[in-house]
Amino acid sequence: MTLILKNIGRRYGKSWVLRNLFLEIKDGECLALLGPSGCGKSTTLRLIAGLDIPDEGSIYINGRDLKNVSPSKRNIGMVFQSYALFPHLSIASNLTIGLKVRGATESEQHQKVSSILTLMKLEDLAYRKPAQLSGGQRQRVALARALLRDPEVYLLDEPMSNLDAQLRESLRPEIRSLILQGQKPVVYVTHDQQEAMAMANKIAVMQKGNVEQIGTPNELYNSPASIFVASFIGRPQINLLPPESGIIKGIRPEDIIINENGINSKIIYQEWLGSSKLIMLDTPIGELRMITSSNDQIPECPKISWDIKNEHRFELTTHKRLN
Amino acid sequence: MIGLLILPAALLIILIFGTPLIRYIWLSFHASSVITGLVPIANKGANWQRLINDQRFWQDSFQTFRFAALSVSLELFIALAIALLLNQKWRGRNLVRAITLLPWALPTTVMALGWRWIFNTPYGPIELIVNLIGLDQFNILSNPNTAWLATVLGDVWKTTPFIALILLAGLQTIPQDLYEAFKLEGGSNKEALFKITIPMLKPYILLSILFRLAQAFGVFDLIQVMTGGGPAGSTESLAIYAYLNAMRFLDFGYSSTIMIGSFILIVFSSIFSIYLFNKFKNIQGYSR
Amino acid sequence: MKPKVLFVISILISSFTFVANKSVAKTSPSKHINILMPAPFADSTKDLINKFNVENKDNIIINVTRGPLETESVSDLAISSLMLEKSPFDILLIDVTWLPKYAAAGWLSSLDKWITQEDLNKIAIGAQKGNKFKNKVYRWPFVADMGLLYWRKDLMEKPPRTNNELIKISKELIQKKKVKYGYVWQGRQYEGLSCVFLEVLYGFGGEWLDENGAIHLDKQPSINAAKWLKKLIKDGITPKAVTNYSEPESLQLFESGEVAFMRNWPYAWSELQKPSSVVRGKVGVTTMVAEIGNNPTSTLGSWGFSIIKTSKNPQDAFKVIKYLTSIKSQKHLFLKYGYTPISSEIFKDVDILKNSPIITALYKGLTVSEPRPQTPLYAQISDVLQRHLSEILTGDGEVSETMNRAHSISNQILQSAGSNK
């Protein structure tokens, strides 16, 4: 089973918010749509769900063209950023309502809902209203609802952005295993590159309605296709050197090393990150970020360099990768 | 501490709302009319006995109830439709929103005069249309069986926009997400109306019912102008009866009795209508 | 009810402040006399009052509060002010039916000390009525008003004098398609219906409430009168819609030329002379019809001035009343606004006779007019009558049964009041 987006375009008035989008997500694959707000990632999700209609191109699930298929017939499990739980219904009813409108028998409803409640460890909350739940619990209910649908495709729209950082990290593996367990295509929208790398086995980095690069987290990190991708992925951000004969060079902070033969620099400030530390250096070619182990003793004015292999080179005008 | 802080406000409210109520209750146990030279003379519940045996009071209660019940239900129904329409996105929506509010902004007496003219026989537009079609004259305001329906129409026309506005405000608090989630769950638009919209509008609907019931029970100027309570007293509301007793008959004792009597009826029927609404909701709902 | 009262009170408060401001602004020793009048009267007396205020500016200043347009709303305002015990008004312009009620409530000053029998004799017979309560004069008449029969001069040679003649002429004219209806009157459930009924009742030789306080609604003339009105509608002589008609609707229909007769007050005359009127110049005015052997009778509806008991300057207030009801003022108001005069003298005035084609008819009407029952409980018994008449006119019930009911309810009202005394 595959989800395919072919040459998708969407515009509001005259401006295109999405253009020439090609995506293919296979069963058991989790594609993260990553980008800043306004890049078109949420629009893409809505187009797949049928909540919005593309102006160009087609969407297929397992070869079925979704044109003119209403959202209710697309068999899609979606987790909304707001969770979109029905506030007037209990948790159990929130889960039952879909089964009911899809015409499941009462015993079926009961059996399915109670098994998902058990799976998601929500039994004790079954008769509470959403307002009585914590953020993490609500998120679980939203996920449970999507799982209960037994959909052909999972769509997750910033599912963890309303949770605090600690909870977010602890939930990642659980969610990842739950959604991948279904062996269905998963599309995961986020603006958090760390989350994208943790959750997805493929990431599409988007900007201004275009996909800049699609690849595994590893590929995006090690060979970013453009300056945008290079800067968006990896924290602390990549160092971009001043252009030199039509080329912009990028060096990741961890690739900078102390070298007696290197260029002069002076420490502006340091930030402890735990096992490592970030050092901001003033050099003749501008300010540079450097990461070293926290144990390393760095002199006040270190000489630095980097391995030429670790240089990322980009064309000055197009910002595209050269090496 | 907090109790102390709200004390002045509470006293003010009791003073403003409580004083007249207590005064009316007190007066309802006194004869106070032209006959007594307007001096209140205690008469041991004679007013209340009169009220209970007063056919006209019960007839007016019945009239007031059917007026309130029919207008409020029609208003809710139409207002919901209008609110749903105005909640959609379409060109000129803002203009239409403003226009729908016009009847509400119009003074009741002015619009009641308008309705009286509209129903005028033979010059009103309704009779003209009826004439054109070749039907007999309606004489809607001249017939005791139909005149009250005309007053309901006037009331519905005037207050539907107000309820529509309340419901529209309610609709706008429902996140679009919920409808999208419901659609993805396989629900249709119609199902969404009954399973999401109406249950979530419940507080707004209750507010409208309460507000409008209280208003409709006190209907005065609309009927006074449209029919004057006639024909044959068929459209007379409790408020008109109380008004007649106070301002025309100068019988303040009995007028107070009518007012307190109708107040009791209003309280009970409001409680009853909310109970009914909740019952209806539970048949529909999933809430447990 | 409550919002209405609040509304009235707020009007009162604003009129208070208005009056107060005025008196603060002027520090002259002149006394202020405050009068509440319905809007039309306040407008038409403006010239007279300005003149008075200029001539007497060191002595008495008249302030007029322009009340609402509608008669009963003026009463609401007046009553609300009187209930406050310290009424802002010295003089009220009141309708003939309010007098017993206001007097019984103890709100009015007797005018006896200023009025002689001679003064009273100068007033036209009809206008003399309706000013007394328990043999004391409480009101001095200002403008007379009475029910009149308007008829179409172009459709008949002379107006009908009996009930049957009116029906006969109407039927003929309807048959000949000269008119759509024969006779239009006021059939809405309101005070006007009582007025209409009273005229018909007198025409049948009946009475509503006699001098001894007995009700006669169950008597044959009362039943006949109600039956006659019902028959007019049933026979198509009067439009069915009349049961929601007050004066303006009747006038509108008559003005369109589709009706042969109309019952209305004198104000209709000048309306019918306007260019927009289809029947302009084709209308005559006469007294009401009656059964053979009975005299035609009009319902008296006059306005007059009363002095409020709490007034600090009753003497000056009466001076103001004298001025506003002087022969000169009456003439001015008749010539400019068509207000029916109250002094006999004016009806014989050559100037006036020359100027008005209906003055004779007005005088005749005034001479035969009778006030409505003069009891403080009039509003109650009139309300009962209106409801039951409305029931008769719009329903299929037995007329005598309904009138009997009206009779016994009216009796109850009068009796329970008696027992409360």
* Scan of the range B:131-150 for residues that are more than 12 Å from every other protein chain (Cβ to nearest Cβ) and buried (at least 18 other Cβ atoms within 10 Å of the Cβ), ordered by number -> B:Trp148
* Exactly one condition in (1) of a type in the set (A, V, I, L, M); (2) touching a helix residue (DSSP H, G or I) at 6+ places or on another chain (Cβ under 9 Å); (3) free of Cβ contacts under 8 Å to residues at least 24 places away in the same chain; (4) not in a helix (DSSP H, G or I) is not met by B:Leu38; state its number. => (3)
* Quick one: B:Arg66 ticks every box in (1) touching a Phe, Trp or Tyr at 6+ places or on another chain (Cβ under 9 Å); (2) surrounded by 14 or more Cβ atoms within 10 Å (Cβ to Cβ); (3) not polar (S, T, N, Q) bar one, so which box is it? -> (2)
* Residues of the range B:110-127 being surrounded by 14 or more Cβ atoms within 10 Å (Cβ to Cβ) and more than 10 Å from chain C (Cβ to nearest Cβ), which ones? -> B:Met111, B:Ala112, B:Gly114, B:Trp115, B:Ile118, B:Ile126
* Asked: Within the range A:173-194, restricting attention to residues that are more than 22 Å from A:Ile8 (Cα to Cα) and either touching a helix residue (DSSP H, G or I) at 6+ places or on another chain (Cβ under 7 Å) or small (Gly, Ala, Ser) (or both), which residue is surrounded by the fewest Cβ atoms within 10 Å (Cβ to Cβ)?
  -> A:Ser177
* To do: Provide a single number: the residues in the range B:234-288 that are among the small types (Gly, Ala, Ser), outside any helix (DSSP H, G or I) and at pLDDT below 90.
  => 2
* Taking the range C:70-86, which residues are within 11 Å of chain B (Cβ to nearest Cβ) and outside any helix (DSSP H, G or I)? -> C:Glu70, C:Glu85
* Asked: Can you pull out the residues in the range B:169-215 that are farther than 16 Å from B:Ser73 by Cβ and among the aliphatic types (A, V, I, L, M)?
  -> B:Ala169, B:Leu171, B:Ile174, B:Leu178, B:Ala181, B:Leu184, B:Ala192, B:Leu193, B:Ile196, B:Met200
* Asked: Could you list, in sequence order, the residues of the range B:241-265 that are among the β-branched types (Val, Ile, Thr) and either buried (at least 24 other Cβ atoms within 10 Å of the Cβ) or within 7 Å of chain C (Cβ to nearest Cβ) (or both)?
  -> B:Thr257, B:Ile258
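Yes/no matrix, rows are residues, columns are (1) over 25 Å from the mean Cα position of the chain (by Cα); (2) buried (at least 18 other Cβ atoms within 10 Å of the Cβ); (3) more than 18 Å from C:Ser400 (Cα to Cα):
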| site | (1), (2), (3) |
| --- | --- |
| C:Asn163 | no, yes, yes |
| C:Leu232 | no, yes, no |
| C:Pro239 | no, yes, yes |
| C:Pro248 | no, no, yes |
| C:Pro266 | no, yes, yes |
* How many residues does the range A:276-314 hold that are surrounded by 11 or more Cβ atoms within 10 Å (Cβ to Cβ), hydrophobic (A, V, I, L, M, F, W, C) and over 29 Å from the mean Cα position of the chain (by Cα)? -> 6
* Asked: Inside the range C:308-326, can you point out the residues that are in a loop (DSSP other than H, G, I, E, B), more than 11 Å from C:Ile35 (Cβ to Cβ) and touching a residue at least 40 places away in the same chain (Cβ under 8 Å)?
  -> C:Lys309, C:Thr310, C:Lys312, C:Asn313, C:Thr325
* Determine whether the range C:29-41 contains at least one residue that is surrounded by 13 or more Cβ atoms within 10 Å (Cβ to Cβ), among the basic types (Lys, Arg) and not in a helix (DSSP H, G or I). => yes
* Asked: Restricting attention to the range A:72-104, which residues are under 22 Å from A:Ile48 (Cα atoms), at the interface with chain B (Cβ under 7 Å from one of its Cβ atoms) and not β-branched (Val, Ile, Thr)?
  -> A:Ser72, A:Met78, A:Phe80, A:Ser82, A:Ala84, A:Gly98, A:Arg102
* To do: Determine whether B:Asp177 is within 27 Å of A:Ala131 (Cβ to Cβ), free of Cβ contacts under 8 Å to residues at least 40 places away in the same chain and among the acidic types (Asp, Glu).
  => yes
* **Sole residue being at pLDDT below 95, within 14 Å of another protein chain (Cβ to nearest Cβ) and part of a loop (DSSP other than H, G, I, E, B), chosen from A:Val69, A:Val113** => A:Val69
* Structure fact -> Selection from the range A:9-46 of residues within 14 Å of chain B (Cβ to nearest Cβ), within 17 Å of the chain's Cα centre (by Cα) and farther than 18 Å from A:Gln193 by Cα yields A:Thr43, A:Arg46
* Near pairs, Cβ below 7 angstrom, 6+ apart or cross-chain, from the range C:17-46 (at pLDDT 90 or above) to any residue that is aromatic (Phe, Trp, Tyr) and assigned to a helix (DSSP H, G or I) -> C:Ser44/C:Tyr337
* Within the range C:362-381, which residues are of a type in the set (S, T, N, Q) and within 9 Å of chain B (Cβ to nearest Cβ)? -> C:Gln380
* On the given criteria, is B:Ile223 within 14 Å of chain A (Cβ to nearest Cβ), in a helix (DSSP H, G or I) and either at pLDDT 90 or above or within 12 Å of B:Thr159 (Cβ to Cβ) (or both)? -> no
* **Subset of the range C:87-125 (residues that are part of a helix (DSSP H, G or I) and either within 18 Å of C:Asn34 (Cβ to Cβ) or without any contact (Cβ under 8 Å) to a residue 40 or more places away in the chain (or both))** => C:Tyr102, C:Asp112, C:Lys113, C:Gln117, C:Glu118, C:Asp119, C:Leu120, C:Asn121
* Asked: Among the residues of the range A:26-70, which ones are in contact with a helix residue (DSSP H, G or I) (Cβ under 6 Å, 6 or more places away or on another chain) and either basic (Lys, Arg) or free of Cβ contacts under 8 Å to residues at least 40 places away in the same chain (or both)?
  -> A:Gly50, A:Leu51
* Asked: Tell me, which strands (runs of 3 or more DSSP E) lie completely within the range A:261-321 with 1 or more residues that are within 16 Å of A:Ile251 (Cβ to Cβ)?
  -> A:276-283, A:286-293, A:303-306, A:312-315
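The values are calculated or read from the model by the stated rules, or taken from the named source; none is laboratory data. All values derive from a computational prediction rather than experimental measurement. So basically every Cβ, Gly included, is an ideal-geometry build from the backbone, and we count neighbours across all protein chains shown.
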